[in-house]
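Novice: My questions will all concern the structure given below.
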Amino acid sequence: MNPPHLPPRQFLLNATPGIRVVVRYKIEDGLTDALGYLVASNDTVCTVRTRTSDVDIPLAMVIAAKEVPPPPPRRQAR
């Protein structure tokens with residue numbers, strides 16, 4: 001895990017692609033979260049692969065970001 005004391009932008013720039021993250025960021029109507037795997041990041045944007053799509057998030061809009069544990073295993077169908 002990355003050090004928790006890094007500001008969100010710095011965390012995303014230093015994070016290793018492939019880790020699972022949650023990123024909270026500003027949108028027109030407030031805030032939203034992207035939960036998934038970090039694909040890439042550069043000076044202006046990070047890309048998070050969620051269950052439904054890749055989300056490009058401008059780093060200027062990021063409020064918080066952290067690494068999260070893997071999802072729990074899927075339950076078997078009965």
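Only the coordinates and a few stated rules stand behind these numbers; no lab work does. Computed from a predicted model, the values in this text were never measured in an experiment. Here the Cβ positions follow ideal geometry from the backbone for every residue, glycine too, while neighbour counts run over all protein chains shown.
Novice: Please tell me the relative contact order of the chain in percent, rounded to the nearest whole number, where contacts are Cα pairs under 8 Å and at least six residues apart.
Specialist: Numbers: 134 pairs, mean separation 24.9, N = 78.
Reported relative contact order: 32 percent.
Novice: Which value, in debye to the nearest 20, describes the size of the charge dipole of the chain about its Cα centre when Lys and Arg Cβ atoms bear +1, Asp and Glu Cβ atoms bear -1, and nothing else is charged?
Specialist: Dipole of the chain, to the nearest 20 debye: 520 debye.
Novice: Follow-up question, since we're still on this one. Using 0.36 nm per residue, how much length does the chain from LYS66 to LEU31 gain when fully extended, once their Cα-Cα distance is taken away?
Specialist: Roughly 11.0 nm would be gained on extension.
Novice: Run the helix sum for the chain: -39,500 (n - 2.57) per DSSP H stretch of 4+ residues, divided by residue count, reported at 222 nm to the nearest 500 deg cm²/dmol.
Specialist: One gets -2000 deg cm²/dmol as the mean residue ellipticity at 222 nm.
Novice: Taking Rg/Rh (Cα atoms, Kirkwood Rh) straight from the coordinates, which label in (1) 1.51; (2) 1.01; (3) 0.91 is the correct one?
Specialist: The value matching this structure is (2).
Novice: Of THR52, THR44, THR32, which is the most mobile in a GNM of the chain whose springs link Cα atoms less than 10 angstrom apart?
Specialist: Largest GNM mean-square fluctuation: THR52.
Novice: Considering only ALA77, VAL55, LEU6, whose Cα is most displaced toward the positive end of the charge dipole of the chain, charges sitting on Cβ of Lys, Arg (+1) and Asp, Glu (-1)?
Specialist: The Cα lying farthest towards the positive end belongs to ALA77.
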